[in-house]
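Colleague: Structure provided below as structure tokens; questions to follow.
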Amino acid sequence: MGFRRILMAVAASAGVLAGAMSSSAPALAAAPEAPKLEVEAPVHATTATFLGVLNPAAPEPTEGDTYKFLYKAGTGTECEGGGETSSRLSLGGVHEEVSETVSGLTANTEYAVCLSVTSLESPSKTTVSKPAVPFKTTVPPEKPETEPAPQVTITATSAKLEGTLNPLGTATTKAGWYFAYDEGSSCTGAGEQRTGQEPEVEGAALSEKTEVTNLEPDRTYGVCLVATNEFGNATVGNEVVVETLAPPPAIVSESGPALVTPVPVTGSMEATLTGTVNPNNQVTECHFQYGTVSVSEHEKPCEQGTLRGLEQGVSLTVTGLEPEKLYHWQIVLKNAKGEETKGTGTPEEFETLSSPSGVQTGSAEEVTATSARLGSLLEPNKLNPGGEAKYYIEYGEAPCDEVAEKCGTKSAEATATGSAQQEVPPIEVSGLEPSTTYHYWLVATNAVASKPVHGAAEEFTTKPAAPSVQTGVAEDVTETSAKLTGELNPGAAEAEYYVEYVLPSNTIERSATAFVSGRVQASVTPIVLTGLQPNTTYSYWLVAKSSAVSEPVRGEVLQFTTQRSRAELEAQAAAARKPAEELAAANAAKQKLEAEEAKRAAEAAAVNAAKQKQYGEIAAQTAGLLRLEAEAGKQKAKVKKAKSKPASCRKGFVKKHNKCVPRKSKKKGKVKK
């Protein structure tokens, strides 16, 4: 829509400048199409909703117009002269649906309504829907009577509400009902709440009652009974005031730590105590009481200060606690009336951390050459963490020093919690040396222990390790012998080693056995194989065996090839020379063939040159003959043309298109022949 059209829409909807603009329009538009109209059911006692359709038959969107609903009390067919809605701008669409809800109607009254549409470009062109649509407002329910709630039925959060429908006994329709209530003296405020809608009943002076249970303590509520009917009408009864009771504050729950440990930064002991309380809408003081002998030894205000309202959380961080103590605590509430509430029953408890005690070192199990599991199921590690403790194993090859309270390397730490003697899981240590005796003990410590606490020293011995074998390369290989090397870690025990090798017959032979001991990888004394066959490939590997393994340990499979014999080498040299001589002879023959082919190529080139020269001479002769033939043809055509051309025409004929034709006579129809 352009700027001019926007101005016209504003003028039409406000009723200003319409005449001036219409007079300046270059042409008047046709009156808008007749709209359709109906009244939405059900019609209430004082309100009605009108539904209309603009351009109901238009094949295409039309220009935007303005519309309004006209309504008038009575049973006639005219609508003008009564009430009307504000003018609104149509969007100009096909079958555009519009609606409007009007209020302030008179109950139980007949009305007529029309839909009026005015052209936006020509305000004098208006179409009103015909005939008027009649409707009738309904009869609202009779005003009910709300009765004061008996004081004995009012609690802190509930009240029984009572009232009477049709108190005058003049019911004309069925009536349903509900109670409306809101905090304050009005029952229909912004925070209005309702009981459930009850179904319609028919009769006079019907007593109704219900109970609401979602009220707040120590509050004033406005309550009224509301009557409804099947048309959706509602009539509000008189208001009554309900005041809920103000019970003492309540403690809903209390929660604190089962165990208190030192704060990592300060090292001091503190505990955070929390709870949920309900002041019941009264100004309430909140405190936490705690102590080791009596629950009321210490008392401090809640961090939230003075409370009011309903259920809410409270808390307090208690500092300066003593280690190795059992504390009792509770929440205390007191309202302005002096009513006091303490705890939820038995006072709550929490413990502060104590030093570990009763540390017992368990035995070693699952001992291998390089690892052990310390603290078995049959004889486990035990300790009292004193709340929460870290525990670990100290171990080493030297005996544990009781005076210095040291025992070598420290294992990874684990955590134990509780305040009673208990078994703790075993600790595995690894990276140990084979066939070595280790000493160890269990150690525990926590944040309040002045020094670590350890159990009795124990010991265990690791088992020998399996040999570690690496096959080495073959050295000094001859026609019939080879020296085989390798590396071996005996695993701290004495180990025997030898070489296994495969003969040409695919049988496995074994060398003589040697012995070595120690716990580090080292080169073995080489093993020499003899009696081998020349120019033969042998597969071999190093083998070791000790008391730590039940089966021999074999290294990687390698190969070597013995040297060739002298006779074989001479034959090989002769065979190598023969191909060289044969190659030289072949090269000479190849060169001879190449020379002969070059000579033949030169002779063929000379023959081709002679032929090319002869071809050139023949081509020149042919061209001369063609020129002579062309000149002869031209001469012949010239003679022929001269013969066919007449020199002059006889009397009575004229020359036309190089021919003699009879002359036409001036008299019509006669031609000389």
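The values are calculated or read from the model by the stated rules, or taken from the named source; none is laboratory data. Please read all numbers here as calculations on a predicted model, not as lab measurements. Glycine also receives a Cβ, built like all others from the backbone with ideal geometry; neighbour counts cover every protein chain displayed.
Colleague: Touching a strand residue (DSSP E or B) at 6+ places or on another chain (Cβ under 6 Å), modelled with pLDDT under 95 and surrounded by fewer than 14 Cβ atoms within 10 Å (Cβ to Cβ), is that true of THR513?
Modeller: Taking the combined requirement at face value, the residue satisfies it.
Colleague: Can you name the residue in region 321-342 that is out of contact with any Ser or Thr (no Cβ under 7 Å at 6 or more places or on another chain) and within 27 Å of PRO262 (Cβ to Cβ) and, of all such residues, is surrounded by the most Cβ atoms within 10 Å (Cβ to Cβ)?
Modeller: The qualifying residue surrounded by the most Cβ atoms within 10 Å (Cβ to Cβ) is ILE331.
Colleague: Tell me the residue from ALA601, ALA574, ALA588, ALA584 that is closer than 30 Å to TYR538 by Cα, outside the structural domain of SER481 (by TED's automatic domain parsing) and either part of a helix (DSSP H, G or I) or modelled with pLDDT under 80 (or both), please.
Modeller: Just one listed residue meets the conditions, ALA574.
Colleague: Looking at region 215-261 only, could you name the residues that are among the polar types (S, T, N, Q) and crowded, with 17+ Cβ neighbours inside 10 Å?
Modeller: Scanning region 215-261 gives THR228, ASN229, ASN233, THR235, THR244, THR261.
Colleague: Inside region 155-207, can you point out the residues that are among the charged types (D, E, K, R) and more than 15 Å from GLU142 (Cβ to Cβ)?
Modeller: Matches in region 155-207: LYS160, GLU162, ASP182, GLU183, GLU192, ARG194, GLU198.
Colleague: Turning to a different aspect of this structure: Within region 559-570, identify whether any single residue is under 18 Å from GLY472 (Cα atoms) and within 60 Å of the chain's Cα centre (by Cα), and answer yes or no.
Modeller: The answer is yes, given that some residue of region 559-570 is under 18 Å from GLY472 (Cα atoms) and within 60 Å of the chain's Cα centre (by Cα).
Colleague: Of all residues in region 132-151, which are farther than 30 Å from LEU215 by Cα, surrounded by fewer than 18 Cβ atoms within 10 Å (Cβ to Cβ) and at pLDDT 90 or above?
Modeller: Within region 132-151, PRO134, LYS136 qualify.
Colleague: Return the total of residues in region 478-497 being under 60 Å from the mean Cα position of the chain (by Cα), under 9 Å from SER517 (Cα atoms) and either at pLDDT 95 or above or not small (Gly, Ala, Ser) (or both).
Modeller: 2
Colleague: To continue, here is another question. Going residue by residue through region 506-529, is there one that turns out to be more than 30 Å from GLY418 (Cα to Cα), in contact with a Lys or Arg (Cβ under 7 Å, 6 or more places away or on another chain), of a type outside the set (Gly, Ala, Ser) and touching a residue at least 24 places away in the same chain (Cβ under 8 Å)?
Modeller: Yes, region 506-529 contains a residue that is more than 30 Å from GLY418 (Cα to Cα), in contact with a Lys or Arg (Cβ under 7 Å, 6 or more places away or on another chain), of a type outside the set (Gly, Ala, Ser) and touching a residue at least 24 places away in the same chain (Cβ under 8 Å).
Colleague: How many of the residues making up region 254-266 are part of a loop (DSSP other than H, G, I, E, B) and either polar (S, T, N, Q) or in contact with a helix residue (DSSP H, G or I) (Cβ under 9 Å, 6 or more places away or on another chain) (or both)?
Modeller: 2
Colleague: Continuing with the same structure: So which pairs qualify, if the first residue must be in region 199-212 and among the aliphatic types (A, V, I, L, M), the second must be surrounded by fewer than 14 Cβ atoms within 10 Å (Cβ to Cβ), the Cβ gap must be under 9 Å, and the two must be at least 6 apart or on different chains?
Modeller: Listed pairs, sorted by first residue: ALA204/LEU168; ALA204/GLY169; ALA204/THR170; ALA205/LEU168; ALA205/GLY169.
Colleague: So, in region 498-522, how many residues would count as being within 60 Å of the chain's Cα centre (by Cα) and on the phi > 0 side of the Ramachandran plot?
Modeller: So the answer is 1.
Colleague: Right, something else. Counting only residues that are of a type in the set (Gly, Ala, Ser) and not in a strand (DSSP E or B), which one in region 525-571 is nearest to LEU503 (Cα to Cα)?
Modeller: Step by step, filter region 525-571, then rank; the result is GLY531.
Colleague: Also: Filter region 93-104 for residues that are surrounded by 18 or more Cβ atoms within 10 Å (Cβ to Cβ) and modelled with pLDDT under 95 and give the result.
Modeller: Once the filter is applied, which keeps residues that are surrounded by 18 or more Cβ atoms within 10 Å (Cβ to Cβ) and modelled with pLDDT under 95, region 93-104 yields GLU96, VAL98.
Colleague: Among the residues of region 20-31, is there at least one that is modelled with pLDDT of 80 or more and either assigned by TED's automatic domain parsing to the domain that holds THR127 or crowded, with 17+ Cβ neighbours inside 10 Å (or both)?
Modeller: Yes.
Rundown of residues vs (1) closer than 30 Å to ALA246 by Cα; (2) within 51 Å of the chain's Cα centre (by Cα), yes/no style:
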{"position": "PRO141", "(1), (2)": "no, no"}
{"position": "ALA190", "(1), (2)": "yes, yes"}
{"position": "ARG194", "(1), (2)": "yes, yes"}
{"position": "GLU198", "(1), (2)": "no, yes"}
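Colleague: Show the residue pairs meeting these rules: Cβ distance below 9 Å; 6+ apart or different chains; first residue within region 477-499 and farther than 25 Å from LEU532 by Cα and assigned by TED's automatic domain parsing to the domain that holds VAL553; second residue surrounded by 21 or more Cβ atoms within 10 Å (Cβ to Cβ) and among the aromatic types (Phe, Trp, Tyr).
Modeller: LEU488/TYR497; PRO490/TYR497
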